[in-house]
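Read-outs throughout are calculated quantities, based only on the coordinates presented, and are distinct from any laboratory measurement. As the structure is a prediction and not an experimental result, all values here were calculated from the model. Here the Cβ is made from the backbone with ideal geometry for all residues, glycine too, and neighbour counts use every protein chain on show.
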Amino acid sequence: MAPDFLDMVLEAARLALLFFIALFLPVMLQLAILFGVAWAFRGLVYRVSSNLATLLDLIGVPIHELSHALGFLITLTGVDAIKLLIDELGYAFVAPKRPNPLGGIVASLAPLFAGTLVLWLAAIYIIPGFEVPYIEPPQLDLASAASVGTVLRESVDYLGRFARTAYEGLPGLQWDNWRTYAGLYIAFSVGLGIAPSRQDLRIFLTALPVAALLIVGVFTLLYLDGNVGTKFAAWQQALAPLLLKFSTAVTYAFVLTSVAIPIFLVVRLFQVVREGE
């Protein structure tokens, strides 16, 4: 009986892991790409001009720090001190009132969600003419999730099709409308501030395996009594729309942040040429 029960648990755990890969890995990949773009953008801006970086930090950094503060408040950690802008006295920061591991995890992730939300709102409601047609997301199931390479390939393909469609629409923006430039400034500022600090990243990477294990553990218990196919379809139907909305917002954030890189890269190359003369 014991070996049979162990085999059943292992099979349920395997299926739960495939469920986690099929639903969450594509979004996690998008977030990783967004992080990389935001870091590259921030490093490029500071190489171009520290004054320009200060100007762009006026919106992105306060949103970043206020998001930390909100994360501490909703987990009842409390906020002891907050500094919203980078100046000659040092970096912006939020200090929690009391130690709380959950508060640290939520606060470290909060700027990502807040920044993504603001970038999505800027794209939809501020920048006139910024529209992206619906792109069919990858249809992943337990069979395709058994190959992580398939999930990654489908996810990258989806992100590429979405980004390509968005980039193709940029020339059609209303470049004679002041809202376009106001929206792009907000987008560049928030994109600059969405990148996690080293401490945020350390907390996030520490918490990620724990969160993954908890999710897999919960679904392992759900799968123990069988009906795996029915349950997978039910959970996928319930969670997929929410993940798709978040995935779309992340892709908007990626597009708006990445658009800034070639602009500042041209400026930086011009600076390097002039310095070499």
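A few comments on the model shown:
- Neighbour-count ranking [beta-carbon atoms within 10 angstrom, fewest first] of 275, 154: 275, 154
- Stretchable slack from residue 206 to residue 161, in nm (0.36 nm times residue separation minus alpha-carbon distance): 13.0 nm
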